[in-house]
Every structure is written in C-alpha cells, then in structure tokens.
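Visitor: To start, I am sharing the structure in question, which I have written as structure tokens.
Please treat every number below as a calculation from the coordinates, not as lab data. From a predicted model like this one, the values you see are computed outputs, not experimental measurements. Counting neighbours? That spans all protein chains shown, and the Cβs are built from the backbone with ideal geometry, glycine included.
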Amino acid sequence: MPSPAKLDQKFVWHPFTQMRDWLRREPIVIVAGHGAVLRDVKGREYLDANASIWTNLHGHRHPKINGAIQRQLKKIAHSSALGLANEPASLLAARLVSIANKDCNGMAKSARKSLAMPERGSGGSIANPKLEKVFFSDDGSTALEVALKLAYEFTRRTRGASARPRFLSLDGAYHGDTIGAVSLGHIDLFHRAYGGMLFKTETVMSPYCYRCPFNRAKPERDDARNYRLCHWECVRLVERKFSARKKTINPFAAFVFEPLMQGAAGIIPQPAGWLAQVAEIARGHGALLIADEVMTGFARTGLAANVSTRLLLANYNLPRFHQRSQDKLFACHHEGVQPDFLCLAKGLTGGYLPMAATLTTQRIFDAFLGEYEEFKTFFHGHSFTGNQLGAAAALASLDLLQTAASARARADLQQNLHDELQSLWRLPAVGDIRQVGLVAGVELVKDWRTRQPFALRERVGIRVCEAMAQRGVLTRPVGNVIVLMPPYCTTKEQLHRMVSALAKSVAELG
C-alpha cells in the first residue's frame with residue numbers, strides 16, 4: 001500500500017499552499033498528538049507552536065474533552081437543526097450568552113485611567129448591547145457570513161428597502177474565504193483573483209504601529225506600541241471615514257474588525273485604547289459592530305490583553321489582576337466593547353471539531369420575526385449547525401477555561417512567553433516583537449534600524465519555519481512574520497524550546 005505521504009501528494013490539494021513547492025519534498029504526516037506535542041508517521045516528535053493553525057486551546061487528546069465526546073457518541077453524533085433542537089447545542093448557546101454578557105466595562109475604565117487614554121466623543125455614553133441569540137455554523141468564514149447577512153438585511157429593514165448597506169473594515173483585513181467574508185477582506189495577495197465576484201466594501205487604516213506613517217519614533221529594541229510617537233491619527237481617520245460616509249444616502253451599516261490583534265494581516269496588535277475609541281465612533285454614527293473573534297476568542301488574548309506586557313507589569317498588581325481578569329474570555333471585553341455581532345470559531349471546541357457561532361442581540365433577532373407568509377425568515381443554514389459532538393466538546397472546553405487552575409496556567413504562560421521573547425532582540429533580523437496575551441508575532445526585516453522588509457519572493461518566513469521544523473518545532477508564517485501561539489498546556493521548558501528553535505533558525509539567515 002502506498003505511504004500516506006505519497007497518497008497525499010497524489011490526491012490532496014492543500015489550502016493556501018503552492019502545490020508545486022509541496023510536491024518537491026516529502027511532507028510531514030502527523031499521526032498522533034498529546035498535549036503540545038505532535039508525532040509524525042516516522043515517529044518524530046514536534047512541538048505544536050501555532051496550536052494547529054490557531055485552534056487548539058488545551059492540548060491534544062485532553063481527557064476532559066475526549067471524555068465529553070465519547071459520552072456524547074453513546075447518545076447521538078448529529079441530528080438536524082432544521083425543525084429540531086438538541087440538548088448540547090441548547091446548553092452551549094445559553095453558556096456563550098452568559099459569558100458574553102458578563103460586565104466588560106470595569107477593566108476598560110481602569111485601563112483608560114492607568115494608561116491616560118483619551119476620552120472621545122460621547123465619553124462612552126452609548127450603551128453596550130446585550131447579546132441574547134446564537135446562530136451556529138461551521139467555521140470562521142461562515143460565522144462572519146452569518147453576521148454580514150444579518151447586518152445587511154437588518155439595515156434594509158430598519159432604514160428602508162431602498163437602502164444599500166455598506167461595510168467598513170481595516171487594511172489587511174482577513175475574515176474568511178466565503179464570498180461575503182472575502183468581500184470584507186483587504187489582502188490583495190489572497191483576494192485580488194476574486195475581485196469580479198465580490199461586492200465593494202470600504203477600508204480604513206489599520207493601527208500598525210511598527211509601520212505607521214504617522215509614528216515619528218525611531219526603531220528601538222522593543223514592541224513598537226511602547227515607544228510610538230503619534231497623535232492617534234489612525235483613530236482620526238476612522239472618524240473621517242464615518243463622517244464622509246454619513247453625508248451620502250447610505251451610511252455604513254457595520255464596522256468589522258478583529259479586536260486587539262489582526263491575525264492574517266501579520267499579527268498586528270492594536271495600541272491600548274484604539275478599540276474603545278473606534279467602537280465609540282462607529283456607534284455614534286449608528287453603525288453596528290461586528291467583532292471577528294475567530295482567532296482572538298476564548299482567552300487567546302490573555303490578561304489585560306490590549307496592554308503590552310511591560311505596561312501591564314508597570315500598572316497593575318499582577319496577582320490581583322489575574323483574579324479580576326480570568327473570566328475575560330473575549331478580546332473586545334478588555335476594552336469594554338460589546339459588539340452587536342460576536343463571531344466565534346477555531347477554539348470554540350478546544351480545537352477538536354469544526355464549529356462556529358455568531359452571537360447577536362434581541363433587536364437584530366426581532367427584525368426577522370413575522371408571519372410565515374411574510375417571508376421574514378433568515379434564509380441561511382448549514383447541515384451540521386449545532387451538531388451534538390461539537391457542542392459537547394465546546395462545553396467541556398469552556399469548563400476547563402473557567403477553572404482557577406486554567407487561569408493561573410494561562411497567566412504563567414503569558415509571562416513566560418514574554419520573558420522568552422526578549423532573547424530575540426539580539427538578532428539583527430528581528431524588527432518587531434509583538435505579543436498580545438498568548439499570541440506573538442516576530443517580524444523579520446533586512447535591517448532593524450530602517451525597518452527595511454524582506455521581499456516576499458525571498459520566502460524568509462517560510463525558510464525560517466522550515467528550519468524550525470528540522471529542530472522539532474512546527475509553526476506557519478504570515479509573510480515574514482513568524483507566529484507563536486502555543487496551546488495553553490505548553491510547559492515552560494517546551495516554550496523555551498520553541499523560542500530557541502526560532503532564534504537559531506533566524507540566526508541562520510546571516
């Protein structure tokens with residue numbers, strides 16, 4: 001029988017992969033995993049340094065999640081959500097709504113005061129909505145597609161059928177690969193080919209401090225958010241965009257964003273206070289907020305996530321802050337922002353099964369209520385919506401996330417990651433190191449003093465990740481940014497090995 005590697009190369013088409021390159025070498029074939037360790041068909045072991053493409057929370061083969069799935073398998077794996085309900089999905093929806101509606105204002109006010117963030121506009125007087133309804137789907141793209149369609153139709157129904165809702169998202173935005181989600185995206189490399197299929201959306205500057213044209217600071221050996229010199233020009237541009245659109249007959253229906261950190265754009269973190277300010281602007285102009293927490297959700301952004309670790313340590317009593325922040329499972333809550341649509345996937349099931357959820361408000365839900373013959377139904381669905389296995393895994397994952405032991409482990413991992421990353425500043429090719437909670441991006445450049453980037457054709461990010469794989473560490477770059485996103489069970493020693501492999505691989509660039 002042919003080997004799995006040969007079968008793969010003969011039959012499988014991989015996502016976001018140049019298959020000519022793929023066919024030039026034997027692929028790594030993963031057959032097992034435990035905790036933060038993966039094992040291939042040849043018995044070699046690797047550390048999973050990107051949590052299996054940003055999905056795995058608690059590690060592979062976690063006994064609690066395994067047990068939940070096995071118990072559910074003894075009952076039923078899946079039944080349709082069209083005309084039927086099921087127990088695990090109902091419990092999960094109630095649990096997500098409960099978590100999402102926990103107070104998210106106290107920390108934002110505390111952080112604003114500690115870091116001297118500016119107050120804007122209404123001073124936060126526009127109340128956050130309460131999330132009360134959950135629409136289940138399959139993955140991050142579909143979670144965004146649901147929010148997009150709901151926001152579009154809600155706007156038409158409240159502003160009149162002649163309205164043509166428009167959407168605003170950030171430069172470098174990536175919200176998935178379905179047509180609606182791609183329309184919200186602004187990464188030409190990914191999206192240019194589909195231009196003729198897409199509807200037009202508008203874009204506004206991303207707060208990319210390291211490469212911001214308004215940042216007058218010279219490069220330092222530190223996270224660019226810590227030494228930036230600017231006047232919040234990025235926020236002013238958002239305000240101008242909304243003001244200009246409001247003068248037209250079709251103001252923005254919604255502002256779509258990844259809170260605290262953009263993933264596929266290049267692991268780009270937002271400076272503390274940016275999210276609170278732009279959310280206030282959007283609400284002041286009557287726009288809905290769509291938060292894409294596909295990557296950032298379920299505690300991935302850690303404690304005091306929108307504050308750099310240095311500022312966190314300087315401004316907070318860390319043990320007390322851990323206790324106060326352990327239940328902040330969603331990134332937008334760190335700045336006191338509650339969106340109208342909260343889009344979740346990836347870590348929802350702990351990284352076990354494909355499942356997504358879009359949380360929204362009673363106000364949105366009510367716009368789709370009517371008599372059968374009015375056809376106000378939300379005509380959208382997925383065959384595996386709310387499937388029992390995924391819901392059972394998600395409930396077990398949430399149980400784990402909300403324990404005190406898990407919160408302490410995440411806090412320790414965040415601090416250990418910060419400490420390990422400091423060793424990389426000695427490397428001339430490291431231009432910026434940006435960490436938000438348990439996500440880190442290391443941007444590689446030709447010259448850190450000028451921020452001169454490597455050309456993508458040099459494949460620097462790919463070469464470094466290939467060298468890391470040879471050292472037993474698996475991750476995937478975003479262009480020339482190396483991503484480290486370890487599972488929450490990663491030990492201090494394993495984390496050291498991950499960063500050490502990265503350091504040695506970058507040093508080989510010369």
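Visitor: Please say if the chain is rounded, prolate or oblate, where rounded means a/c under 1.5 for a ≥ b ≥ c the square roots of the C-alpha gyration tensor eigenvalues, and otherwise the choice is prolate for a/b larger than b/c and oblate otherwise? It would help to have the intermediate numbers written out before the result.
Guide: On the way: a/c = 1.40, a/b = 1.12, b/c = 1.25.
Rounded.
Visitor: Also: Determine the distance separating the Cα centre of segment 424-503 from the Cα centre of segment 144-179; give it in Å without decimals.
Guide: 35
Visitor: Can you say what percent of the DSSP beta bridges in segment 87-405, counting only those with both residues inside, are antiparallel? Round to 5.
Guide: Values: 12 of 25 bridges.
If we restrict to bridges inside segment 87-405, about 50 percent are antiparallel.
Visitor: Right, here's the next one. Classify segment 123-172: rounded, prolate or oblate, from the alpha-carbon gyration tensor (a ≥ b ≥ c, eigenvalue square roots; a/c under 1.5 rounded; otherwise prolate if a/b is larger than b/c)?
Guide: rounded
Visitor: Right, another one. By how many nm would the segment from Arg449 to Val12 lengthen if fully extended, with 0.36 nm per residue of separation less the alpha-carbon distance? Walk me through the intermediate numbers first.
Guide: Working: separation 437, 0.36 × 437 = 157.32 nm, distance 4.30 nm.
Gain on extension, Arg449 to Val12, equals 153.0 nm.
Visitor: Given the -39500 (n - 2.57) contribution per DSSP H run of 4+ residues, what per-residue ellipticity at 222 nm results for the chain, rounded to the nearest 500 deg cm²/dmol? Intermediate values should be presented prior to the final figure.
Guide: Numbers: 19 runs with 188 residues, N = 510.
So the calculated ellipticity at 222 nm is -11000 deg cm²/dmol.
Visitor: Mark the label point 7 Å from the Cα of Glu458 along Cα→Cβ and return the residues of segment 482-502 whose backbone N is within less than 19 Å of it.
Guide: The answer is 482-483, 502, whose backbone nitrogens lie closer than 19 Å to the label point.
Visitor: If r is the Cβ-Cβ distance from Phe378 to Lys130 and R0 is 22 Å, what FRET efficiency results, to the nearest 0.05?
Guide: 0.65
Visitor: Now for a separate question. Just to confirm my numbers, what's the Cα centroid distance between segment 215-237 and segment 37-67 in Å?
Guide: Segment 215-237 and segment 37-67 have Cα centres spaced 37 Å from each other.
Visitor: Which percent of Cα pairs goes in each bin when the distances of segment 389-510 are cut into 10 angstrom slices starting at zero?
Guide: In whole percents, the pair-distance histogram is 13, 41, 28, 14, 5, 0.
Visitor: Okay, next question. Which loop chymotrypsin sites (Phe, Trp or Tyr not before Pro) in segment 161-204, with loop taken from DSSP, have no more than 16 other Cβ atoms within 10 angstrom of their Cβ? Write out the running numbers ahead of the final one.
Guide: Working: sites: Phe167, Tyr174, Phe190, Tyr194, Phe199; in loops: Tyr174, Phe199.
The qualifying sites are Phe199.
Visitor: What does the highest-first list of 411-420, 452-461, 353-362 look like by mean Cβ count within 10 Å?
Guide: Values: 411-420: 19.6, 452-461: 14.7, 353-362: 22.5.
Result, highest mean first: 353-362, 411-420, 452-461.
Visitor: Still on this structure, please answer the following. Going by how many other Cβ atoms sit within 10 Å of their own, how do Phe214, Phe136 line up, fewest first? Walk me through the intermediate numbers first.
Guide: Values: Phe214 16, Phe136 27.
Fewest to most other Cβ atoms nearby, the residues stand as Phe214, Phe136.
Visitor: Once you keep just the Cα pairs under 8 angstrom separated by 6 or more residues, what percentage relative contact order results for segment 87-405? Display every interim value, and only then the final one.
Guide: Working: 550 pairs, mean separation 86.0, N = 319.
27 percent.
Visitor: Take the Cβ-Cβ distance between Ile30 and Asp171 as r, set R0 to 60 Å, and report the resulting FRET efficiency rounded to the nearest 0.05. Numbers along the way, then the final one.
Guide: On the way: r = 35 Å, r/R0 = 0.58.
It comes to 0.95.
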